[in-house]
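Worksheet for the structure shown next.
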Amino acid sequence: MKNIFEVLQDVEHIGITGHIRPDGDCIGSIMSLYNYIVDNMPELDVDVYAQRVPENFRYIKNIDKVIVDYPDVDKVYDVMICLDSSDLERIGEADKYFKSAKKTVCIDHHISNDSYADICHVLPNASSTCEVLFDLFEEDKISKSVAEALYTGVIHDTGVFKHSNTSKHTLEVAGCLINKGVAFSKIIDESFYQKTFLQNQILGKCLLNASMTLGNKVIYSYIDLKTMEENKAMPSDLDGVIDQLRITEGIEVAILLHETSEGIYKISMRSNNDVNVSEIAMTYGGGGHIKAAGCSAQGDIHTIIEDLVDKISKQL
Ligand code: 5GP
Ligand code: MN
């Protein structure tokens with residue numbers, strides 16, 4: 001695919017969705033595509049879906065148009081476009097719109113993407129789905145609001161241009177977006193660095209729960225269901241915790257286990273150097289990127305950690 005208009009020919013009803021537990025690149029990509037279509041093809045009918053919208057993305061134009069929690073709609077979309085999701089399981093309950101749609105499209109940058117749509121446009125070397133989308137948009141048709149949503153996705157998936165997925169092209173894209181007048185300092189502070197008091201407290205608890213193993217090359221931590229519930233914390237309140245673990249001196253791999261229901265854990269992994277954490281996540285049915293991946297696991301937390309550490313140790 002060279003231009004997003006290729007999949008918008010002869011369609012009237014368009015559905016857009018991302019992945020469950022939406023992050024900055026997910027929200028940035030669904031909203032930039034939504035706003036791009038609204039700006040340039042106002043005659044089309046577009047619905048945009050997400051499981052929820054984290055508070056720190058409220059500045060994105062039309063964010064109130066996001067239909068949350070995947071309600072039942074008996075609408076058949078001419079095209080359903082899924083962004084930033086590597087497999088059908090990750091789109092959660094949005095798969096019901098996917099199954100009934102006349103045509104399905106997936107735009108993504110995950111190396112583990114399993115080509116689940118009719119048309120798949122996946123660039124594993126792109127920093128973010130927002131970077132992939134930028135190249136599918138015509139620059140003169142990108143408004144400031146589309147640029148702000150795209151910029152949000154790029155800074156979140158690159159950790160503000162810090163992760164190894166940041167390329168010359170990523171910075172060129174960011175440069176074009178800055179030229180569109182995006183309030184980049186404000187977006188970086190408000191959506192990325194700013195934490196609520198609760199988020200800082202949860203971060204503190206995770207850091208206190210952390211342990212090191214494998215000659216201090218692996219750090220792991222956990223947060224249990226009870227602590228999350230007592231503090232009324234949402235999964236998005238854990239954003240950034242894994243990065244704080246990862247920057248511990250000498251660490252090769254960081255692991256965070258978040259108990260989402262009793263005995264079920266959402267696992268995040270980050271690698272600083274050579275360990276391919278996507279490969280390890282895939283052994284649990286998850287995936288992601290070489291240096292940032294995730295999966296879910298059920299069972300005894302110590303057994304799960306032991307198994308992950310064993311797999312890391314084999315790679316080291
Ligand atoms: P995070 O740890 O921030 O949740 O996710 C890191 C990366 O791994 C993201 O690119 C995300 O898309 C991917 N990822 C996280 N959890 C899963 C999962 O359960 N399945 C798959 N396929 N990818 C995941
Ligand atoms: Mn992404």
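Values for this structure:
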quantity: Which listed residue is in contact with a Leu (Cβ under 9 Å, 6 or more places away or on another chain) and modelled with pLDDT under 95, from LEU256, LEU316; calculated: LEU316
quantity: Residue identified as over 20 Å from LYS2 (Cβ atoms), basic (Lys, Arg) and part of a helix (DSSP H, G or I) among LYS186, LYS195; calculated: LYS186
quantity: Members of segment 88-130 that are of a type in the set (Val, Ile, Thr) and either under 18 Å from the mean Cα position of the chain (by Cα) or modelled with pLDDT under 95 (or both); calculated: ILE91, VAL105, ILE107, ILE111, VAL122, THR129
quantity: Among (1) assigned to a helix (DSSP H, G or I); (2) closer than 26 Å to LYS291 by Cα; (3) of a type in the set (Ser, Thr, Tyr) - the single one THR166 does not satisfy; calculated: (1)
quantity: Index of the failed condition, PRO42 passing every other in (1) assigned to a loop (DSSP other than H, G, I, E, B); (2) closer than 24 Å to LEU177 by Cα; (3) within 16 Å of ligand 1 (Cβ to nearest atom); calculated: (3)
quantity: Inter-residue pairs, beta-carbon under 8 Å, first within 13 Å of PRO124 (Cβ to Cβ) and touching a residue at least 60 places away in the same chain (Cβ under 8 Å) and in segment 279-298, second among the aliphatic types (A, V, I, L, M) and within 6 Å of ligand 1 (Cβ to nearest atom), 6+ apart; calculated: GLY287/ALA293
quantity: Enumeration of residues in segment 107-125 that are under 19 Å from ALA149 (Cβ atoms) and touching a residue at least 24 places away in the same chain (Cβ under 8 Å); calculated: ILE107, ASP108, HIS109, HIS121
quantity: Residue match in segment 26-38 (condition: surrounded by fewer than 23 Cβ atoms within 10 Å (Cβ to Cβ), at pLDDT 95 or above and away from ligand 2 (no atom under 16 Å from the Cβ)); calculated: yes
quantity: Looking only at segment 82-130, and only at residues there that are buried (at least 17 other Cβ atoms within 10 Å of the Cβ) and among the β-branched types (Val, Ile, Thr), the one that is farthest from ligand 2 (Cβ to nearest atom); calculated: THR104
quantity: Unique residue being surrounded by fewer than 20 Cβ atoms within 10 Å (Cβ to Cβ), under 17 Å from the mean Cα position of the chain (by Cα) and either modelled with pLDDT of 95 or more or over 21 Å from ILE91 (Cα atoms) (or both) when the list is SER261, SER296, SER278; calculated: SER296
quantity: Residue match in segment 101-124 (condition: touching a Ser or Thr at 6+ places or on another chain (Cβ under 6 Å) and part of a helix (DSSP H, G or I)); calculated: no
quantity: Residues (part of a helix (DSSP H, G or I) and modelled with pLDDT under 95) located in segment 46-87; calculated: GLU55, ASN56
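The values are calculated or read from the model by the stated rules, or taken from the named source; none is laboratory data. Small disclaimer: the values here were computed from a predicted structure and weren't measured. Using ideal geometry, Cβ is built from the backbone for each residue, glycine included, and neighbour counts are taken over all protein chains shown.
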